[in-house]
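Throughout, read-outs are computed from the coordinates displayed, never taken from laboratory work. Treat the numbers as computed from the prediction; the structure is a model and nothing was measured. Because the Cβ atoms are built from the backbone with ideal geometry, glycine has one as well, and the counts that use them run over all protein chains shown.
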Amino acid sequence: MGKAIWKPGTVLYPVPVVMVSCGTEENANIITVAWTGTINSDPAMTYVSIRPSRHSFELIKNSKEFVINLVTKDLAYACDFCGVKSGQDMDKFKEMKLTAKKGEQVAAPIIYESPVNIECKVKEIIPLGTHHMFLAEVVSVSVSDEYLDETGKFHFNDTQPVCYSHGAYFTLGEQLGTFGYSIKKPKKTKKS
């Protein structure tokens, strides 16, 4: 067994796939993004990287706001559609029968059907080549209460989240452990 050597590229998969809403309730758009992630805890910061040729690029550049809406199995079709169609040609909210609601802290709308909406304000735009990175501070997060238990814990995996891997969409599979499970001592059982 050997290793094939490829040219440098982005093969870090799977990655989250999200629908980024931008603009305003009256002039809203959605773009599908797989180049996104967490970059800082306090203050909470994230990013999205978008090609300058995309319709949403100018909307976010001008408003300095956007919302990251997490994608579930039920939203996978809309997510793909919003990634291959341009908002210059249509109203993607209307086409996909999605609900645009004003965010709590930004003018950009949330996608109400998404179980997690992460409202962001752009702090810096970094040109990187094919994409520009919108470095942003998270200013509000809303979650669907149907996934909260009686203690207030959010059960994210119950939403059937979707990820993107090398051109395909996947739901998450079997849980293998929890953070730190590799160093936890086994629980002692009582002998009768």
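Sparse packing (at most 15 other Cβ atoms within 10 Å of the Cβ) combined with a DSSP loop state is found for the following GluC sites (Glu not before Pro) in region 1-104: 25, 26, 104. Restricting the trypsin sites (Lys or Arg not before Pro) of region 116-192 to loop positions (DSSP other than H, G, I, E, B) with no more than 15 neighbouring Cβ atoms within 10 Å leaves 153, 184, 187, 188, 190, 191. Number of Lys-Lys pairs in region 15-171 with C-alpha atoms under 19 Å apart and a separation of 8 or more places or on different chains: 16.
Rounded to the nearest whole Hz, the Karplus-based 3J(HN,Hα) values (6.51 cos²θ - 1.76 cosθ + 1.60, θ = phi - 60°) of region 12-18 follow the sequence 8, 10, x, 10, x, 10, 9, with x at glycine and proline.
Summing +1 for each Lys or Arg and -1 for each Asp or Glu among the other residues whose beta-carbon sits under 9 angstrom from that of residue 136 gives 0.
Taken one residue at a time, the phi angles of region 44-60 give Karplus couplings (6.51, -1.76, 1.60, θ = phi - 60°) of 5, 9, 9, 8, 9, 10, 9, 5, x, 6, 7, 4, 5, 3, 5, 4, 6 Hz. Gly and Pro are set to x. Stretch residue 95-residue 130 to full length: gain in nm at 0.36 nm per residue minus the Cα-Cα span? Going from the current span to full extension adds 9.8 nm. Computed as a quarter of the hull surface, the mean projected area of the alpha carbon convex hull for the chain stands at 16.3 nm². With the simple model of a label 7 Å out from the Cα in the direction of the Cβ, residue 45 to residue 27 spans 3.0 nm. Which longest run of the chain has no exposed loop site in it, a site being chymotrypsin sites (Phe, Trp or Tyr not before Pro) in a DSSP loop with at most 10 other beta carbons within 10 Å, and the site itself not part of the run? Answer from the scan: 7-178.
What is the local net charge at residue 121, summed over the other residues whose Cβ is closer than 10 Å to its Cβ (Lys, Arg +1; Asp, Glu -1)? Result for the local shell: -1.
Ellipsoid fit via the Cα gyration tensor, region 1-47: semi-axes of 32, 17, 8 Å, each the root of five times an eigenvalue, largest first. Between the residues 14, 186, 175, the greatest Cα displacement towards the positive end of the dipole of the chain, with unit charges on the Cβ of Lys, Arg, Asp and Glu, is found for 186. Checking every one of the GluC sites (Glu not before Pro) in region 137-191 against DSSP loop status and a limit of 13 other Cβ atoms within 10 Å picks out 150, 174.
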